[in-house]
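Asks: Below is a structure I'd like to ask you about.
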Amino acid sequence: MNKSIHRAYRGLTLLVSIIVFTLSLNVAHAKNMKKQNLVELMTHTDSILIGTVSNRTEGFFQGLPYTEITLDVGQSLKGNHGPSYTFRQFGLIEPKSMGDGRVNLMVTPAGWPTYVMGEQVMLFLHKPASETGFQTTAGLTQGKFTIKGKQIANDTSNDSLFAGVKINGKLTTTQQDLVNQPGGAYETEAFLSLVKTAVEQNWIENGVMTNEK
């Protein structure tokens, strides 16, 4: 093996090692992600959107795989967004043939949110990454809520979402029942109303809603 081929081989081996190590960290991080309550989700959120998944594509940016999700926006509770919002999340939808006999296996890591065409969602989105522009939800699957008619829930069935949350303000009876509920699907309109009010009235910034964890 000549020196140039040897260097290329070593470089490829190093790249594969870095990718495997990074994905291992992502999977471990997802599995050990602590449960976040509503105050924590909202604090780490740049945008809160409600809408329908209208498109999914995949590709590569600077060698990194991504899934691109487009949302037809019904409501924008936080952030200024138009009727459509598109973002890219790390990882492919499924293993992808590279056309030269290789298959890229870098799909969305375990424990990260995935998206289905036509599903209605409420997303608590992080600010896009400065280098790649990639974006995902706060708390990973905890920050993606699926709306099914009159019920809404995240991937952990809303477990501990109000644990340690203290609200020093007047709530409707429906909202108070929701806060007292330990987990399970919430009544959609009650949850959306509570989050919308909290954002519009700056509950966290004004100390109305606090984290007592």
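Asks: What's the FRET efficiency of Ser193 with Lys148 using the Cβ-Cβ distance as r and R₀ = 25 Å, to the nearest 0.05?
Replies: Numbers: r = 18 Å, r/R0 = 0.71.
Taking R0 as 25 Å, the efficiency between Ser193 and Lys148 is 0.90.
Asks: Using a 1.4 angstrom probe and counting only protein chains, how large is the accessible area of Glu40 in Å², to 10?
Replies: 30
Asks: Do any chymotrypsin sites (Phe, Trp or Tyr not before Pro) in the range 131-184 lie in a loop, going by DSSP, with at most 11 other beta-carbon atoms within 10 Å of their beta carbon, and if so which?
Replies: Answer by residue number: there is no such site.
Asks: May I pose another question? Could you check how much of the accessible area of the range 80-210 is carbon and sulfur, as a whole percent, using a 1.4 Å probe?
Replies: 49
Asks: Run through the range 36-111 and list the chymotrypsin sites (Phe, Trp or Tyr not before Pro) located in a DSSP loop whose Cβ has at most 10 other Cβ atoms within 10 Å.
Replies: Answer by residue number: there is no such site.
Asks: Near the amide H of Gln151, under 5 Å away, which other amide H atoms are found, from residues 5 or more places off or on another chain, if H is placed in the peptide plane?
Replies: Thr188
Asks: Also: Just to confirm the filter: which trypsin sites (Lys or Arg not before Pro) across the range 136-189 are DSSP coil and have at most 11 other Cβ within 10 angstrom of their Cβ? Could you put the intermediate results ahead of the total?
Replies: Numbers: sites: Lys144, Lys148, Lys150, Lys166, Lys170; in loops: Lys150, Lys170.
In loop regions of the range 136-189 (DSSP not H, G, I, E or B), the sparsely surrounded trypsin sites (Lys or Arg not before Pro) are Lys150, Lys170.
Asks: For the pairs Lys35/Lys196; Lys127/Lys170; Lys34/Lys127; Lys96/Lys148, note any where the Cα-Cα span goes beyond 29 Å.
Replies: Pairs exceeding the cut-off: Lys127/Lys170; Lys96/Lys148.
Asks: Amide H to amide H under 5 Å from Asp46: which residues, 5+ apart in sequence or cross-chain, H placed 1.01 Å off N in plane?
Replies: Leu125, His126, Lys127
Asks: Now a separate question. Can you work out the FRET efficiency for the pair Lys34 and Glu119, with r the C-beta to C-beta distance and R0 = 25 Å, to the nearest 0.05?
Replies: 0.45
The values are calculated or read from the model by the stated rules, or taken from the named source; none is laboratory data. Just so it is clear, the model here is predicted, and its values are computed rather than measured. So basically every Cβ, Gly included, is an ideal-geometry build from the backbone, and we count neighbours across all protein chains shown. To get the accessible areas, we keep the full protein, side chains included, count just its heavy atoms, and leave off ligands, DNA and RNA. Shrake-Rupley method; radii C 1.70, N 1.55, O 1.52, S 1.80 Å.
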